[in-house]
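Have a look at the structure below, then the notes.
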Amino acid sequence: MNMAHRLLFLIVALLMVACASAGRDPAVLYPIYSQYKAESNKENIIELAEQYFTPSLLGKNYRTNPAARQQLLFKDYMASEDSHFEAVDSQAACLTINGYDADKAPLIISLKYLAVDQRWLIDKIHVAFIEDRADFSKSARCPAR
């Protein structure tokens with residue numbers, strides 16, 4: 001193989017690798033969600049809330065609202081995960097998690113994240129209990145207003 005063929009082969013190989021990896025964005029939101037899931041519990045969620053949720057989602061009285069603790073622990077509805085999808089742009093992003101509750105019934109958690117002070121914070125939450133696994137989301141969906 002002469003030098004021109006080697007160079008052409010190298011360029012084609014690099015283009016193939018670049019095209020193959022271009023469609024796979026690294027997960028951004030799921031690691032943040034996983035940290036929230038691992039760190040938060042009923043004893044500490046009120047203290048950790050500002051690390052994971054936007055001020056608009058929390059509201060002014062979340063520290064004294066008796067229902068806030070349970071609402072902020074929406075993750076507890078899901079006993080096991082099946083799959084997840086995310087879509088991210090510069091200001092907002094969506095994370096959708098398919099899974100099962102403790103009774104093995106399928107459910108979907110959809111989260112909208114906002115970029116606040118260079119951190120991704122949960123701004124909207126929707127938990128959907130669905131009839132069948134076939135209804136699992138196949139892409140990231142932000143909660144509707």
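Bear in mind that the values in this text are calculations on the coordinates, not laboratory data. All values reported here derive from a predicted model rather than from experimental measurement. A quick note on method: Cβ atoms are made from the backbone with ideal geometry, for glycine too, and the neighbour counts reach across all protein chains shown.
Among the trypsin sites (Lys or Arg not before Pro) found in region 35-116, those both in a DSSP coil and sparsely packed, with 13 or fewer other Cβ atoms within 10 Å of their Cβ, are LYS42, LYS60, ARG63, LYS104. Less than 5 angstrom separates the built amide H of LEU73 from none of the residues sequence-distant by 5 or more or on a different chain.
Debye-formula intensities of region 32-145, expressed as log10 I(q)/I(0) at q = 0.12 Å⁻¹, are -0.41 (one equal scatterer per alpha-carbon, no solvent).
For each pair in LYS42/LYS138; LYS60/LYS138; LYS37/LYS104, compute the distance between the two Cα atoms and list the pairs where it is over 27 Å. Table pairs above 27 Å Cα-Cα are LYS42/LYS138; LYS60/LYS138.
Phi angles of region 38-51 translate, via the Karplus equation with coefficients 6.51, -1.76, 1.60 and θ = phi - 60°, into HN-Hα couplings of 6, 8, 8, 8, 5, 7, 10, 4, 5, 6, 8, 3, 5, 6 Hz per residue; Gly and Pro are given as x. Neighbour counts of other Cβ atoms within 10 Å put LEU73, LEU121 in the fewest-to-most order LEU73, LEU121.
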